[in-house]
Amino acid sequence: MPYNNNEYKNTYIDINECTSRGACSISPTISALQELAIALLQNLAHYILELEELGANNENIKYEIITFLASLISINEFNDKQLFDIIQKEYYLLTDAQKTYNEICTKKNIPPKELRRITKLKKETTLSQAIAMGEKIFLDKYKRLTTEQKNLITILLIVIKSISLNMIKLCDYNSFDENIYHKILTTLDLFNHHRVSNRKIQETIDELAKLDSALQLKISQLLLDTFGGISKVKVSHSTRKGKAILVSGNNFFDLLKVLECTKDKEIDVYTHSNLLITHALKRFSEFEHLRGHFGNLTENCILDFATFPGSILITKNSKNTSEYLYRGRLFSNDYIVPNGVIKIENDDYSELIDSAENAKGFSKGKIKEDTILGYNEVEIKEKINKIIEKLNNNELEKLYIVGIDAHLELQKEYFNKLFSNLNDSEYVISFSYASERNNVLTIPIGNYIPLATNILSQIFRKYPITSNKLVFFFTTCDVMSISNIITLTNSNAKNIYMDQCSPTIINPSVLDTFRKKYNVTLLTDAEADLKNIRSKL
């Protein structure tokens, strides 16, 4: 049966919430406000760079800019008013930076390098006026840029979002990369002065993607060092009678603080979404009341939030489609929180805990099958070395590398079919889908991409990434996957396959440009794809 992309889009899009991982399509109003927000950040980047040239360095503004950019990943999680609040904050920073710059130039008797075009708001600017400004910026871009230029700029923004999100993760470990921050600023500043050639845009995309890959490796190592390393464990998906808190998102430190605040209380804590991997990290095994992982699908927060009978924390830098189903029980300590979600200030989780104690909790437990998560680092290194030895001895003709789990039934069927059609000279390393076959090595990493990047780097240090024997399957269209595909292509990886992307995740025109520029083949049917891959031997 062919891999039916229309069925994929129509049937399973409801459980693949792209907003928590990717660059989803957005309403015209939100799109216009995003254009304005980006234009303000571009103007702000110019003045920050000029101030740095003059020796004026504002440390506080760095995190603000990175946070603004990372927030744009899930821009359609915000309503008009929330996004307008972001724009007003950006404009305040812009006018302050511009004023400081002009004052220093006057003091030093230096002619200021003012922008020819600057986005101007006023204190009395209304939301509707801001939307009109964003629409004007969009129309101007639409008129003066070709389709390819617009698509390349969109791809560039996707990579900026990915690297900004990883910079935020780096900040969680009290670390910061000044070189990457400076590159982000110079990239934003590119579009302030003159038209930028397609070649320059693509060069910038490639450079940022390379930096993003290095950043993922750094984050992975910090994760393992900070939380005591990783091990192979069984994760419970069962629940038990009692009061409970659900912690959802990406931030390990927020989960750790909740666990420490509740360790002497009769409250169970369950993880959700990308916090699944914490069960394999040794530091979290110290907490007996970390009961397990809640929900069948780590992306399906609408159903999971609606059925969880306790309070819920959405951790920093983790946007989810809450649909505001749980007024009074949804909390977040993020920079910006959705309507209906209670904002936690200064890591004070007392309201979250009170809400859990006042909620009904689980009236009875429900038993579900455990899953295996994590890996033994020594064991994985030994297995990787054996695989590389077989590649070098020509015992293996192909090594297939399968990405994270997109939680789509059709995709699961695709890889089950692919695994069943493997021959003895082919091998799979899968970071998601499992198989009982001897030539499939599954490394369940709970969809934490930096760990996959870390493991793959061990292979590439010993075996050339340029080999035609290596085949990469990307299973998601999130910003980090897009960035990693670009890095692989620029490293001359030969065979890169990508799952079909719904138009709600990436505009088809943008995807077409991306696919052609970075030599990506879209998945079709497992048998047909295997036949195509084997023909390249």
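The values are calculated or read from the model by the stated rules, or taken from the named source; none is laboratory data. None of the values given here were measured: they were computed from a predicted structure. We place every Cβ from the backbone using ideal geometry, glycine too, and count neighbours over all the protein chains shown. Surface accessibility is based on the protein's heavy atoms, side chains included, excluding ligands, DNA and RNA. Shrake-Rupley method; radii C 1.70, N 1.55, O 1.52, S 1.80 Å.
List of remarks:
- Pairing each residue of segment 269-285 that is at positive phi with any residue that is open to solvent by less than 10 Å² (accessible area, probe 1.4 Å), provided the two are 6+ apart or on different chains, yields C-beta distances under 6 Å for SER273/SER248; SER273/GLY249.
- Residues satisfying the stated conditions in segment 494-536, i.e. assigned to a loop (DSSP other than H, G, I, E, B) and more than 26 Å from GLU413 (Cβ to Cβ): LYS494, ASN507, TYR518, ASN519
- All of ASP334, ASP405, ASP347, ASP304 fail the test of being modelled with pLDDT under 95 and on the phi > 0 side of the Ramachandran plot, apart from ASP347.
- Among residues of segment 340-370 being surrounded by 13 or more Cβ atoms within 10 Å (Cβ to Cβ) and among the β-branched types (Val, Ile, Thr), the one that is nearest to LEU246 (Cα to Cα) is ILE353.
- For segment 422-464, the tally of residues that are in a helix (DSSP H, G or I), within 15 Å of ILE388 (Cβ to Cβ) and either open to solvent by less than 10 Å² (accessible area, probe 1.4 Å) or in contact with a Lys or Arg (Cβ under 8 Å, 6 or more places away or on another chain) (or both) stands at 3.
- Residues satisfying the stated conditions in segment 226-251, i.e. of a type in the set (D, E, K, R) and farther than 26 Å from ASP347 by Cβ: LYS232, LYS234, ARG240, LYS241
- Residue match in segment 444-455 (condition: among the hydroxyl-bearing types (Ser, Thr, Tyr) and closer than 28 Å to ASP225 by Cα): yes
- Single match in ASN447, ASN454 (criterion: on the phi < 0 side of the Ramachandran plot and in contact (Cβ under 8 Å) with a residue 12 or more places away in the chain): ASN454
- Residues that are part of a loop (DSSP other than H, G, I, E, B) and open to solvent by 20 Å² or more (accessible area, probe 1.4 Å) do occur in segment 404-414.
- Number of residues in segment 236-267 that are of a type in the set (A, V, I, L, M, F, W, C) and closer than 13 Å to ASP304 by Cα: the value is 3.
- The residues in segment 465-490 that are farther than 23 Å from LEU530 by Cα and either open to solvent by 40 Å² or more (accessible area, probe 1.4 Å) or not in a helix (DSSP H, G or I) (or both) can be counted, and the count is 2.
- Candidates in segment 257-282 are the residues that are closer than 20 Å to LYS316 by Cα and open to solvent by 10 Å² or more (accessible area, probe 1.4 Å); of these, the one that is modelled with the lowest pLDDT is ASN274.
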